[in-house]
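Since every read-out is calculated from the coordinates, none of them should be taken as a lab result. Bear in mind that the values here come from a model prediction, so they are computed numbers and not experimental data. Cβ: placed from backbone, ideal geometry, glycine included. Neighbour counts: every protein chain shown.
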Amino acid sequence: MSQFELMVNTSGRGAVSINDQVNNLIKQSSAKLCHIFVTHTSASLMITGNEDPNVLLDIEDYFQMSVKDAKPEYRHNNEGDFDMSGHIRSILTGESKTIPVVDGQLALGKSQGLFLYEHRAGNNARKLIITLL
């Protein structure tokens, strides 16, 4: 077993591909399984299509319609209008993924990508813990 911390800088809402960074860590090991965990309550991980950038735009549009910012019903807004909606989005998309490793890389499908999804506005540094087994 080996464990790494990976820092990913984000610049506003949306998805950041982390395939290459995680695969680079895997290449240093003989792992057969990779677990990724994001240590923030307003960022998450997702596996989705990476063949067309419109997939990611459509996902953000869905979130904008479904999990609105600044709803008067939200009691928690300590860090701005996007605060509670960011927490809800991360609950819906999840904070961890476990992915098999085949031939020294994530065993994702032909059109799948692993993404860190930022649910807040502004620039953020997000920490991920990568555990290789």
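Counting pairs of Cα atoms in the chain, how many percent are more than 27 Å apart?
Roughly 21 percent, once rounded to a whole number.
Among HIS87, VAL8, ILE129, whose Cα projects farthest towards the positive end of the dipole of the chain, with charges put on the beta-carbon of Lys, Arg (+1) and Asp, Glu (-1)?
The residue sitting most towards the positive pole is ILE129.
Which entries in LYS32/LYS110; LYS32/LYS97; LYS68/LYS97 show an alpha-carbon gap greater than 23 Å?
From the list (LYS32/LYS110; LYS32/LYS97; LYS68/LYS97), the Cα-Cα distance tops 23 Å for LYS68/LYS97.
Can you give the FRET efficiency to the nearest 0.05 for GLN64 and SER30, using r as the Cβ-Cβ distance and R₀ = 30 Å?
0.10
For THR98 paired with THR39, estimate the spin-label separation in nm (one decimal), with each label point 7 Å from Cα along the Cα-to-Cβ line.
Distance between label points: 2.1 nm.
If you take the square roots of the eigenvalues of the alpha-carbon gyration tensor of the range 43-87 and sort them as a ≥ b ≥ c, do you get rounded (a/c under 1.5), prolate (a/b over b/c) or oblate?
In terms of gyration-tensor shape, prolate.
Counting only DSSP beta bridges with both residues in the chain, what percent are antiparallel, rounded to the nearest 5?
Taking every DSSP beta bridge with both residues in the chain, the antiparallel ones total about 100 percent.
How large is the charge dipole for the chain, taken about the Cα centre, if only the Cβ atoms of Lys, Arg (+1) and Asp, Glu (-1) carry charge, to the nearest 20 debye?
Here the chain has a charge dipole of around 360 debye.
In whole Å, how far is the Cα centre of the range 1-25 from that of the range 78-103?
Answer, in whole Å: 13.
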